[in-house]
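Beneath this line is the structure, given in structure tokens, with notes to follow.
What follows is calculated from the coordinates using simple rules that are stated; it is not laboratory data. Being a predicted model, the structure only gives us computed values, none of them experimental. Virtual Cβ from ideal backbone geometry, glycine too; neighbours counted across all protein chains shown.
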Amino acid sequence: MSHSDRDLILAGIRCARDASGEAHGHTTRTPLEAVGPSRSEDLVEQFMRGARLAGAAVWAESDLDAVRVRVHALAIEEKAVSVVVSRDAASAPWRCGDLSTPTDPIRYRIRAGDVAEQDDPVFAAGMGVTGAAYGLADTGTLVVVSSPEQERLESLVVPVHVALLATTRLLPDLGTLLLRLSAEQRFARHSAVTLITGPSRTADIELTLTIGVHGPRKLHIILLDDRA
Amino acid sequence: MVSEVPEWEALRERARQIKADALARLDEHLLQFEAHVIAAGGTVHWAATPEEARRYVAELGRARGVSKAVKSKSMVSEEVHLNQSLEAAGITSTETDLGEYIIQLAGERPSHIIAPALHKSRADVGRLFAERFTVPFTDDVEALTAEARRRLRREFFAAGMGISGANFLVAETGTIVIVENEGNARLCTSAPRMHVALAGIEKIVPRVADLAVLLRLLARSATGQPMTSYVSLITGPRRPGERDGPDELHVVLLDNGRSRLLADPQIREALQCIRCGACQNVCPVYRSIGGHAYGGVYAGPIGAIVSAHLESSTAAPDLPFASTLCGACADVCPVKINIPDVLLHLRSRVMAGSVPDEPLDRRRRQRALMRAWALAMASPARYRLASRFVRVALRLARRRRTSRWLLGALGAWTGRRDLPSPPARSFRQWWDVNRRAGS
């Protein structure tokens, strides 16, 4: 029974602690700052380098129109017949909900709440466009937080994932992100916070690196860098 | 490693402190974790034994009418033999990690913690797929991967239950952390309407911020990457308004002897393990004998310690002796477990008789083999005779593929290994020709 197993385990742990007779106060910890990476480099450059090292393509654009042009160009380059756009990428400021032109009639679709699984556009899409909540400069990592605006599948089941990220959302490292997310109580409010670094990969067969397994095989990150 | 990450040693020490802290107040942290999971809409089930873990998951599946499950990497699920009990409950459980998928198809056990199908060549995999899927043989790794992706994609969305492990459990927020490169864990925890996460109680870390240290160490120690492709931080089932994600989240906390290990101050640091596999990669013994030889779920140096202590283990108690004590493992361990030290403690226990020794007939056989070897090595003439005999025997065995029955009692060793091919001539013969003649 669940109840008694719980008691058994807790009792076992408490017994163990008492038996080993060690002092169990807080041990002094090496301060987090002492183990952080150096931050002398520009965050944008660091992010771009880290993301490229992980196998993502990074595009820096200086305004929103250029971002939209880039998204559409990628859809053509990746030969996507249909593109699924997450709600946050479709709404302001990105407004990438429908970028089709008469000459390239690519279908842009947003997943409606009430559609059945077999008609869900995310499964047929050749490309998925989403926003990202944050970017981590030291490893070139995207942070996606599950919500009605930023669902899980648009960055997961598609063969090509395009992520839109403003440079103002860049953070130096994971430590900074985690402190911020817990301060904002994000873990209580969202079921999944996902860190994405590069495309999906495996080396399970003979330790030979293969890109593109269950997740996307290509990751394009479009950085909106309007600092100028 | 250290050149890329100059603060590596400081990180290791910090990680060791974090895990030691976690263990020092494990009960409090577990209770805090449980409270947060429940507040987020999930369920926590405590399982003292593998039987209880299996029973709970199988019952859950049965109660919800699940006929198919998809699984991402979980050593704990191997430890409790989950798949067998699911099959018995009428639930087909498909492994989705590529390496685990391959060995599931082949009916084998994992040989390495990070690359479970390491013992299979691409040709082996090609033959396996060709046979099982009735497709033309290929040994092209990309094609094989694409085939697996195609087949498994259907499975993810047809399954009623997604089963995962957890790399860390965060007490502060009730968060499950899953680290991966393929994307199969994200799918297992997003597509089916129910997610079951299995984890040993020692996976607890006190605070979210602790992950900053541990995740940096884990990726680099396991695969040399600065960060794995995906890290999922999951807290509860999907929220109202969220479309993707499970309706139900169940976390199963497994003890299976861990609290007993905790009670033992000489070996409790083994519970700090973050399952990176670095110790396996550098261990000269593991590299020679391979993962299957350890006889349990956990192989390599850390396996030599924990295997005997998990209640359900069938591993030999003499595993601590399978070490040269070179210390390579201690050098690379990201949480600074002093593995050789622990192994020495365990050895002294075996010698003191506090741990059951090997069965008598094994010891007798070993002594007999050692005596035979000593006899063969005792004179140059006998040595030459013995080596000639071995070369002839090897040639015969390889040609006739009779290796298994020829070697009888050693069949367990040769069952999964090819015999080495003997050189055309012995060193002495080479020496006679090459050195006598010239210089």
Quiz item: If all Cα-Cα distances of chain B are sorted into 10 Å bins from 0 onward, what percent lands in each bin, rounded to whole numbers?
Solution: 4, 18, 28, 24, 15, 7, 3, 1, 0
Exercise. Could you work out how far helix A:64-77 tilts from the main Cα principal axis of chain A, as a 0 to 90 degree angle to the nearest 10?
Key: 80 degrees
Quiz item: Once Rh for the range A:107-228 is found with the Kirkwood sum over Cα pairs, what is the Stokes-Einstein diffusion coefficient at 37 °C and 0.692 mPa s, in µm²/s?
Solution: 209 µm²/s
Exercise. If a cysteine in chain B has no other Cys Cβ under 4.7 Å from its own Cβ, put it on the list, ordered by number.
Key: B:Cys188, B:Cys273, B:Cys276, B:Cys283, B:Cys326, B:Cys333
Practice problem: Could you tell me which of the pairs B:Lys19/B:Lys120; B:Lys71/B:Lys120; B:Lys73/B:Lys120 are separated by over 25 angstrom between their Cα atoms in the structure shown? | Solution: B:Lys19/B:Lys120
Practice problem: Using only Cα atoms, tell me the angle between helix A:174-183 and the longest principal axis of chain A; keep it within 0 to 90° and round to the nearest 10. | Solution: 80 degrees
Quiz item: What ranking do B:Cys329, A:Cys15 get, fewest neighbouring Cβ atoms within 10 angstrom at the top?
Solution: A:Cys15, B:Cys329
Quiz item: Sorting B:His292, A:His220, B:His195 on the 10 Å Cβ count, fewest up front, what's the list?
Solution: B:His292, A:His220, B:His195
Quiz item: Nearest-5 percent of antiparallel DSSP beta bridges in chain A?
Solution: 25 percent
Practice problem: Enumerate the calculated ³J(HN,Hα) couplings along the range A:189-201 in order (Karplus 6.51 cos²θ - 1.76 cosθ + 1.60, θ = phi - 60°), each rounded to whole Hz, writing x wherever the residue is Gly or Pro. | Solution: 9, 10, 6, 9, 10, 10, 9, 10, 10, x, x, 6, 7
Quiz item: Rounded, prolate or oblate: which one fits the range B:37-97, using the alpha carbon gyration tensor with axes a ≥ b ≥ c (rounded when a/c is under 1.5, else prolate when a/b beats b/c, else oblate)?
Solution: rounded
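Between rounded, prolate and oblate, where does the range A:60-146 land on the alpha carbon gyration tensor, with a ≥ b ≥ c its root eigenvalues, rounded for a/c under 1.5, else prolate if a/b exceeds b/c? Spell out each step's value before the answer.
Values: a/c = 1.77, a/b = 1.19, b/c = 1.49.
It is oblate, given that a/c is not under 1.5 and a/b is not larger than b/c.
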Quiz item: Taking other Cβ within 10 Å of each residue's Cβ, how do B:His345, B:His45, A:His214 sort, fewest first?
Solution: B:His345, B:His45, A:His214
Self-check item: Residues with amide H under 5 Å from that of A:Cys96, placed H, sequence gap 5 or more
Solution: A:Ala90, A:Ser91
Quiz item: If the cut-off is 17 Å between C-alpha atoms, which lysines fall inside it for A:Lys218, apart from same-chain ones fewer than 8 positions away?
Solution: A:Lys79
Quiz prompt | Per-pair calculated FRET efficiency, R0 = 35 Å: A:Arg14 and B:Glu9 via Cβ, rounded to 0.05 | solution = 0.55
Self-check item: Computed Kirkwood radius, in angstrom, where 1/r is averaged over Cα pairs of the range B:48-141
Solution: 14.4 Å
Exercise. Starting from the range A:165-228, pick out the trypsin sites (Lys or Arg not before Pro) whose DSSP state is loop and whose Cβ has at most 14 other Cβ atoms within 10 Å.
Key: A:Arg227
Quiz item: Add -39500 (n - 2.57) for each DSSP H run of 4 or more in chain A, then divide by its residues: what number comes out at 222 nm, to the nearest 500 deg cm²/dmol?
Solution: -8500 deg cm²/dmol
Self-check item: the range B:81-188: chymotrypsin sites (Phe, Trp or Tyr not before Pro) in DSSP coil with no more than 13 other Cβ atoms inside 10 Å
Solution: B:Phe137
Quiz item: Could you work out the helix-only [θ] at 222 nm for chain B, with each DSSP H run of four or more residues adding -39,500 (n - 2.57) and the total divided by the number of residues, to the nearest 500 deg cm²/dmol?
Solution: -14500 deg cm²/dmol
Quiz item: Name the trypsin sites (Lys or Arg not before Pro) in the range A:55-128 that are in a loop by DSSP and that have at most 16 other C-beta atoms within 10 Å, would you?
Solution: A:Lys79, A:Arg95
Self-check item: Overall form of the protein assembly as shown per C-alpha gyration tensor (a/c, 1.5; a/b vs b/c)
Solution: prolate
Exercise. Determine, at each q value in 0.10, 0.14, 0.16 (inverse angstroms), the log₁₀ of I(q)/I(0) that the Debye formula gives when each Cα of the range B:88-228 is one equal point scatterer.
Key: -0.40, -0.77, -0.98
Quiz prompt | Cα-based helix-to-principal-axis angle, A:43-53 vs chain A, degrees rounded to 10 | solution = 90 degrees
